[in-house]
Amino acid sequence: MATTTSATTAAAAAATTAKPRGSSSALCQRVAGGGRRRSGVVRCDAAGVEAQAQAVAKAASVAALEQFKISADRYMKERSTIAVIGLSVHTAPVEMREKLAVAEELWPRAIQELTSLNHIEEAAVLSTCNRMEIYVVALSWNRGIREVVDWMSKKSGIPASELREHLFILRSSVATRHLFEVSAGLDSLVLGEGQILAQVKQVVRSGQNSGGLGKNIDRMFKDAITAGKRVRCETNISSGAVSVSSAAVELALMKLPKSEALSARMLLIGAGKMGKLVIKHLVAKGCKKVVVVNRSVERVDAIREEMKDIEIVYRPLSDMYQAAAEADVVFTSTASETSLFAKEHAEALPPVSDTMGGVRLFVDISVPRNVSACVSEVGAARVYNVDDLKEVVEANKEDRLRKAMEAQTIITEELRRFEPWRDSLETVPTIKKLRSYADRIRASELEKCLQKVGEDALTKKMRRAIEELSTGIVNKLLHGPLQHLRCDGSDSRTLDETLENMHALNRMFSLDMEKAIIEQKIKAKVEKTQN
């Protein structure tokens, strides 16, 4: 937190200025500056220096915690907030998205870095070719968002001021709804795209393997997956809907002469998930042959075994440019961090026959891009990337809107399940504290009663009856207050009313639960930072 840094710095400065001039640390500095003295070598006691450093760190820690306790009231006014900070094909160009892209194997590391920020409790990263979104639970809304934006700026090298022009920032129920819509394919470039649901599932799997997702984010993503599945099962949103790979095939066939489209020489570079889907959709469109360039033949053989209706010719990576020279359409879908085709490569390729329009098509569905933008400057080449797929999905707007409305009804139902669960977390600590408080009083008074009556005067049955009586009285007295701490959608009580009841109970019974929770979170953050 911002106050951590200032408090830590102040404590460290105070501890440093408090040292006497003759301290071992001061001697170290003088020796370092002046080298050996004529009277002999001054040796510094390393153990003493280390002990002083530890004392300074401890003083800084104590000062930081004390500063946090003083400012805890500020955080008590804010509810820890779910937020999403990101950009997508709708808000940012591919040049920006590719700089922010996080490879799947690096998601756990990104989560670790994000949760180490002062105001971020939980985090998840959803990075695909069409979007880069960070979901967080923030202790403080303004400070948390600023920290995440700064992290994105540092990672990408893009100034924060420039990033903000393209970022969307959503909070609370709006952020949750956004994720549910993403999972259902409603925010995709192509409505109902199925691949995004698999990517949302992968966020959860990755988080479970690394232990990185907190309970809020984990539950939100799992409920989003449920919403996505329901939308696909209960509406016909997937009928006629396509993935990015399918849209790429659609675009290529649109740009070729209709009479010759199915006879065009197709080349695919990269046989990963996206590449496999390209082949699948080529088969669906009636193409009979595709050449595949890949690092290894094993993956191509596996695809060949699965898809018997198309001839798949394997070429090694070393033959890539030769294969491109023999192709009319080049699909690229690799994880390469650098461009595979630059302007000079395209210029060196032989021309395409006039029957195919005289233009070689490069359809690049990779992020980062595999085909440099300058290739489009070559007269006999046309370059299309993921942003250009918008042209494919403009058809049937009315039908897509109708399907989206059906899907929104399902999403609203799923939100009504998640939000009460999330809201209920606010009052759970108070409920536990109040029950514990009441049980301590009951146990104390019961013990006094039993001592007055005397152990010998009571049978086991009588003792059990007295204990049950005391428990029953406590339960009946607590029933009303605990009912007013419920916010699960089963009655008309709003969250604000429930939280007011919680604050009132905290004051009446001196529970101080909320402040204790905030201080506990603050302490954990400080300790994590120092470690």
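The values are calculated or read from the model by the stated rules, or taken from the named source; none is laboratory data. Treat the numbers as computed from the prediction; the structure is a model and nothing was measured. Glycine gets a Cβ as well: all are built from the backbone with ideal geometry, and neighbour counts include every protein chain shown. Note: accessible area is taken over every heavy atom of the protein model, side chains too, but ligands, DNA and RNA are not part of it. Shrake-Rupley method; radii C 1.70, N 1.55, O 1.52, S 1.80 Å.
Consider Ser80 carefully, then state whether it is open to solvent by 10 Å² or more (accessible area, probe 1.4 Å), under 27 Å from Ser206 (Cβ atoms) and modelled with pLDDT under 90.
Yes: the conditions hold for Ser80.
For Ser470, state whether it is among the polar types (S, T, N, Q), in contact with a Leu (Cβ under 9 Å, 6 or more places away or on another chain) and either in a helix (DSSP H, G or I) or within 30 Å of Glu500 (Cα to Cα) (or both).
Taking the combined requirement at face value, the residue satisfies it.
Can you find a residue in segment 460-470 that is at pLDDT below 75 and either among the aliphatic types (A, V, I, L, M) or within 20 Å of Asn216 (Cα to Cα) (or both)?
no
Yes or no, residue by residue, for (1) in a strand (DSSP E or B); (2) open to solvent by 30 Å² or more (accessible area, probe 1.4 Å); (3) under 14 Å from Ala327 (Cβ atoms); (4) of a type outside the set (A, V, I, L, M, F, W, C):
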{"position": "Glu347", "(1), (2), (3), (4)": "no, yes, no, yes"}
{"position": "Pro351", "(1), (2), (3), (4)": "no, yes, yes, yes"}
{"position": "Thr355", "(1), (2), (3), (4)": "no, yes, no, yes"}
{"position": "Phe362", "(1), (2), (3), (4)": "yes, no, yes, no"}
{"position": "Ser366", "(1), (2), (3), (4)": "no, no, no, yes"}
{"position": "Ser376", "(1), (2), (3), (4)": "no, yes, no, yes"}
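Which residue pairs have Cβ atoms closer than 9 Å, lie 6 or more positions apart in sequence or on different chains, and pair a first residue in segment 352-376 that is on the phi > 0 side of the Ramachandran plot with a second residue that is open to solvent by less than 20 Å² (accessible area, probe 1.4 Å)?
That search, which allows pairs on different chains as well, returns Gly357/Leu256; Gly357/Asp328; Gly358/Val352.
Could you please find all residues in segment 394-414 being of a type in the set (Ser, Thr, Tyr) and either open to solvent by 70 Å² or more (accessible area, probe 1.4 Å) or modelled with pLDDT under 70 (or both)?
Within segment 394-414, just Thr409 meets the criteria.
Going through segment 113-129 one residue at a time, which ones are touching a helix residue (DSSP H, G or I) at 6+ places or on another chain (Cβ under 8 Å) and open to solvent by 10 Å² or more (accessible area, probe 1.4 Å)?
Glu113, Ser116, Leu117, Asn118, Glu121, Glu122, Ser127, Thr128, Cys129
Would you check which residues across segment 164-202 are in contact with a strand residue (DSSP E or B) (Cβ under 8 Å, 6 or more places away or on another chain) and open to solvent by less than 40 Å² (accessible area, probe 1.4 Å) and list them?
Within segment 164-202, Leu167, Phe168, Ala175, Thr176, His178, Leu179, Val182, Asp187, Val200 meet the criteria.
List pairs: first residue in segment 96-107 and outside the structural domain of Glu337 (by the TED database), second residue assigned to a helix (DSSP H, G or I) and open to solvent by less than 10 Å² (accessible area, probe 1.4 Å) anywhere in the structure, Cβ distance under 9 angstrom, at least six positions apart or on different chains.
The qualifying pairs are Met96/Leu163; Arg97/Val386; Leu100/Met152; Leu100/Leu163; Val102/Ala110; Trp107/Val203; Trp107/Gly207.
Test of understanding: among Ala323, Ala381, which residue is out of contact with any helix residue (DSSP H, G or I) (no Cβ under 6 Å at 6 or more places or on another chain), open to solvent by less than 20 Å² (accessible area, probe 1.4 Å) and not assigned by the TED database to the domain that holds Ser127?
None of the other options fit; the residue is Ala323.
Looking at Ser444 and the list (1) at pLDDT 85 or above; (2) surrounded by 13 or more Cβ atoms within 10 Å (Cβ to Cβ), which single condition is not satisfied?
(2)
Of Leu282, Leu277, Leu317, which residue is touching a residue at least 60 places away in the same chain (Cβ under 8 Å) and either within 36 Å of the chain's Cα centre (by Cα) or buried (at least 21 other Cβ atoms within 10 Å of the Cβ) (or both)?
Of Leu282, Leu277, Leu317, the one residue that is touching a residue at least 60 places away in the same chain (Cβ under 8 Å) and either within 36 Å of the chain's Cα centre (by Cα) or buried (at least 21 other Cβ atoms within 10 Å of the Cβ) (or both) is Leu277.
Return the residues of segment 249-273 that are within 14 Å of Gln195 (Cα to Cα) and either more than 26 Å from the chain's Cα centre (by Cα) or open to solvent by less than 30 Å² (accessible area, probe 1.4 Å) (or both); say none if nothing qualifies.
Gly272
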